[in-house]
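K.L.:
One structure follows; several queries about it will come next.
The values are calculated or read from the model by the stated rules, or taken from the named source; none is laboratory data. It should be emphasised that the depicted structure is a prediction, and the values quoted were computed from it without experimental measurement. As a convention, Cβ positions derive from the backbone with ideal geometry for all residues, glycine included, and neighbour counts pool all protein chains shown.
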Amino acid sequence: MKKLITPLVLALVLASCSSDDDKTDNNNNNNQTVDAPATYLFTRNGENTVSYSGQSQRIAMAEELISALKDETRDEVSLDAMFAHVEGDQDFSDPDMLELNASSKNVRSKTAGSADYFSSNSTDANAIKADFDSWISSQVNDVFPNWENTASPGNAGLAQELGGSIRYVNEKGLEYNQAFAKSLNGAFLADQICNNYLSSAVLDAGDNITNNDNDVLVDGKDYTTMEHKWDEAFGYLYGAEEDETSPVLGVDSFLNKYLDKVEGDSDFAGIADDIYNAFKLGRAAIVAKNYTVRDEQVEILREKISMIIGIRAVYYLQVGKTNLGVDNASAFHDLSEGFGFIYSLQFTRNPMTDAPYVSKSMVDGYINTLMEGNGFWDVTAETLDQMSEDIAAEFGFTVDQAAN
Amino acid sequence: MFKKIILSITFSIGFMFACSEGDDLDNNQNESFDRGSLQTNLADNIIIPAYQDLSQQLGLLVSAKENFIANSNQENLEVLRNNFLESYMVWQSLEMFNIGKAEENFYHYQMNVYPTNIDEIQDNITTGNADLFNPNNNDAAGFPALDYMLYGIGDNDTEILDTYNNQDYGQNHKNYVSSLIDQMKSITEIVLNDWTTAYRDEFIASTENSASSAVNKFVNDFIYYFEKGLRANKIGIPAGNFSSSPLPHTVEGYYVRETSKDLTLEALNAFQNLFNGTHYITNDSGVGFTDYLNYLDRNDLVNLINNQLDEARAKISILDDNYFDQINNDNTKMTQAYDALQTVVVLIKVDMLQAFNISVDYVDADGD
């Protein structure tokens, strides 16, 4: 009998004392469902609270840079300046009028720049930035001078696909512009999304939770800091979309494009909705101050966005393998894209371990294997298959699922 | 009877639980720690003795300077340099106390802004009578300016001494060295006198957990110092962590060259001693932030922070005494030292502040 009384008394006491503090209520409500809106549309007092112009700008900067990497009249200084743009410098043509030249943003500072992976590891971050710098430099100094020459083992130059497309490769058959562009998927975009803006170190930094709980807005803005950080993660995937409330995908050369590609593989169809819905629900959870639901969406996003990279890495290794010896220029093109997606693996985020699906040292090993000797000129089908199997196993899909 | 006791205990605990709002349990525990004893130990055994030490060192520097001005020879230059280096080492224990008159007078901006601006210094030398208290002269004053005047003004000692003995402009150079040292001495006296006459009592009485209390500001200041003054200025900026390439000319003690590592290690020791409450002169143990954390059952964090500080010390110890050479020869070791310091930043700025329930009063400028 008395055993029953105690909880009863406690319940009464709790009920009588707990209504004056929103935070306690919110914490108690952490397990209640959050209703996501139909689209990524969030307002406060009638004003749109979603903003990620900095992300749209950086994606546009990266687009111009990867195009310029294929223009053999460019010099290294101007390409470096596009990568590490300084506010006010006239580095971009800016066709979409995003005010890129006036922008204080650049891509390089957000390359290997996440809070979780690199704030205490500037040593690796510097080495990664140096890789990107070296791809620019080698493109200008090794490949541009050989623009008219035919490539051969040990010699940079052009290689023509059976269909007619011309690829410009280094002495190992690698297209630096592809290595650069595809590596940005991990080092820039996935890293910023998964390991920076979705991380507790950023979402919950300083007084973000208290301010979000109390609807304290950023000075002069309609959003809380936490809402904005979430939107910035969203912006790195959807920042080139015309209308974020109905994304069409395939609108940039980066994750947005490859999400579209993976969605088009019937083995992974549905991933695009899963990701969009997780962004929506997580954002709604922030508005509802329900951080349990928010963090569940973070886990989904980390897994699914990492999957895009893992799937495309295996896909390009397999397509490249098929073309090897038949149409080397096509094979080199595919393997160059594969090179970039493999490089990107070290920035993925496994929510079960909070580490990459494939570690930096494994990635370095794969890259070394691909570039051994004459590189793509003498890489074997067995090597590409083994690499594909290893990578697929880390993610838990099969090589066949990724290959078609 | 027995059950009644259990019931009433359960009831009281339940009641406490139910009626405390949010983080208040932590708060209550925070409030009951005797912050006053911590602040008293900081003031009486660490801060004030360090200021007194610097004041004394600067007194010696003033005498050495007078001798050098009277007779600018090699011997007097050596004595002056030694006093300079000893004062610079003591300074490493003080830069983190940016509170009271130090904060009011932008003391550390007057004492240790580097790289120093040699164009401004040359202008000041030529013009004479520069107002060294003016913020415009922050980068032409203090230890870094003196570093230039004593080591960088000529390619070798003969050239340096020739400059001071030159009939046309020697006196102007002597005047500038004199003004630099007098200004450092006088502003240090202002800060020290305030501590010993007024601010000490104010500091130890301001114990509440609020944004404006001395203890909260002090904690924020020394974390900010660790992040900016120590991690960024001494290692990160020269190693290129905030730029597209390394900036070896921005090292502390650029003109002496062989002293950068000693200055960093001294600063790190001073920080760790402050954290642990270790007395400045005697190295006796006193009430420190460690005791506060232990009181909050965060002995784990005390160990993590001390271990990581030791780890950072190990990474710094293997660097060349001369950072300029280290950066040019193998910058990776510099960034590894930076990374070890950055790991400390996370522990003190996030974990320790959460344990103390203190808000960060500054933000990094890395948003977008």
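K.L.:
What are the pairs, 6+ residues apart or on separate chains, where a residue within segment A:351-376 that is surrounded by 13 or more Cβ atoms within 10 Å (Cβ to Cβ) has its Cβ under 7 Å from a residue that is of a type in the set (D, E)?
P.N.:
A:P351/A:E299; A:P351/A:E303; A:Y357/A:E394; A:V358/A:E394; A:K360/A:D124
K.L.:
Residues that are of a type outside the set (S, T, N, Q): list the helices (runs of 4 or more DSSP H) wholly contained in segment A:206-272 that include at least 3 such residues. Give the steps one after another, and end with the answer.
P.N.:
Details: elements: A:208-213, A:225-238, A:255-263.
It comes to A:225-238, A:255-263.
K.L.:
Additional query: Got at least one residue in segment B:228-246 being within 14 Å of chain A (Cβ to nearest Cβ), surrounded by 21 or more Cβ atoms within 10 Å (Cβ to Cβ), out of contact with any strand residue (DSSP E or B) (no Cβ under 8 Å at 6 or more places or on another chain) and without any contact (Cβ under 8 Å) to a residue 60 or more places away in the chain?
P.N.:
Yes, segment B:228-246 contains a residue that is within 14 Å of chain A (Cβ to nearest Cβ), surrounded by 21 or more Cβ atoms within 10 Å (Cβ to Cβ), out of contact with any strand residue (DSSP E or B) (no Cβ under 8 Å at 6 or more places or on another chain) and without any contact (Cβ under 8 Å) to a residue 60 or more places away in the chain.
K.L.:
Moving on. Report every pair of residues separated by at least 6 positions or lying on different chains whose Cβ atoms are under 7 Å apart, first residue within segment B:44-72 and over 13 Å from B:V90 (Cα atoms) and among the basic types (K, R), second crowded, with 19+ Cβ neighbours inside 10 Å and at pLDDT 95 or above.
P.N.:
If the second residue must be crowded, with 19+ Cβ neighbours inside 10 Å and at pLDDT 95 or above, the pairs left are B:K65/B:L80; B:K65/B:V177; B:K65/B:I181.
K.L.:
For segment B:137-202, give me every one of the helices (runs of 4 or more DSSP H) that falls completely inside it and has 3 or more residues that are buried (at least 22 other Cβ atoms within 10 Å of the Cβ).
P.N.:
On the way: elements: B:142-147, B:157-165, B:170-194.
Filter on segment B:137-202 gives B:142-147, B:170-194.
K.L.:
What's the number of the only condition in (1) in contact (Cβ under 8 Å) with a residue 40 or more places away in the chain; (2) touching a Lys or Arg at 6+ places or on another chain (Cβ under 7 Å) that A:I275 fails to meet?
P.N.:
(1)
K.L.:
Just to be sure before I move on: is B:N129 at pLDDT 95 or above and out of contact with any Cys (no Cβ under 9 Å at 6 or more places or on another chain) in the structure I sent? Spell out the reasoning first.
P.N.:
On the way: at pLDDT 95 or above: no; out of contact with any Cys (no Cβ under 9 Å at 6 or more places or on another chain): yes.
Criteria not met by B:N129.
K.L.:
Any chance you could count how many residues in segment A:72-89 are outside any helix (DSSP H, G or I) and either out of contact with any helix residue (DSSP H, G or I) (no Cβ under 9 Å at 6 or more places or on another chain) or of a type in the set (K, R) (or both)?
P.N.:
4
K.L.:
Hey, any hits in segment B:258-276 for a residue that's of a type in the set (K, R) and surrounded by fewer than 18 Cβ atoms within 10 Å (Cβ to Cβ)?
P.N.:
no
K.L.:
Please go through segment A:103-144 and give me each residue that is small (G, A, S) and more than 14 Å from chain B (Cβ to nearest Cβ), ordered by number. Explain how you work it out, then say what you get.
P.N.:
So the first thing to find is which residues in segment A:103-144 are small (G, A, S), and the list is A:103-104, A:109, A:112-115, A:119-120, A:122, A:125, A:127, A:130, A:134, A:137-138.
Scanning segment A:103-144 gives a single hit, A:S138.
K.L.:
Return the pair list, or none, for Cβ contacts closer than 6 Å from residues in segment A:55-71 that are more than 12 Å from A:F83 (Cα to Cα) to residues that are in a loop (DSSP other than H, G, I, E, B) and among the basic types (K, R), at least 6 apart or on different chains.
P.N.:
Going by the 6 Å Cβ cut-off, the qualifying pairs are A:Q57/A:K105.
K.L.:
Right, something else. Would you mind finding the one in A:L184, A:L198 that is touching a Phe, Trp or Tyr at 6+ places or on another chain (Cβ under 9 Å), surrounded by 18 or more Cβ atoms within 10 Å (Cβ to Cβ) and closer than 15 Å to A:R283 by Cα?
P.N.:
A:L198
K.L.:
A further question follows. Which residue is farthest from B:S260 (Cα to Cα), if the candidates are limited to segment B:309-368 and must be more than 9 Å from every other protein chain (Cβ to nearest Cβ) and among the hydroxyl-bearing types (S, T, Y)?
P.N.:
B:Y362
K.L.:
Counting only residues that are aliphatic (A, V, I, L, M) and surrounded by fewer than 19 Cβ atoms within 10 Å (Cβ to Cβ), how many does segment A:134-181 have? Working first, answer last.
P.N.:
Taking segment A:134-181 as the starting set, the residues that turn out to be aliphatic (A, V, I, L, M) are A:136, A:140, A:143, A:151, A:156, A:158-159, A:162, A:166, A:169, A:174, A:179, A:181.
Those still in the list that are surrounded by fewer than 19 Cβ atoms within 10 Å (Cβ to Cβ) too: A:158, A:162, A:166.
Looking only at that region, the number is 3.
K.L.:
Something else now. What is the one condition in (1) at pLDDT 95 or above; (2) touching an Asp or Glu at 6+ places or on another chain (Cβ under 9 Å) that A:D94 does not satisfy?
P.N.:
Condition (1) is where A:D94 drops out.
K.L.:
Can I ask one more? If you check A:A393, A:A329, which single one turns out to be in a helix (DSSP H, G or I) and crowded, with 16+ Cβ neighbours inside 10 Å? Write out each step before concluding.
P.N.:
On the way: A:A393 fails: crowded, with 16+ Cβ neighbours inside 10 Å.
The conditions single out A:A329.
K.L.:
Further, regarding this structure: Out of segment B:307-360, which residues are of a type in the set (S, T, Y) and closer than 20 Å to B:N241 by Cα?
P.N.:
Applying the first criterion (of a type in the set (S, T, Y)) to segment B:307-360 yields B:317, B:323, B:332, B:335, B:338, B:343, B:359.
Result: B:S317, B:Y323, B:T332, B:T335, B:Y338, B:T343.
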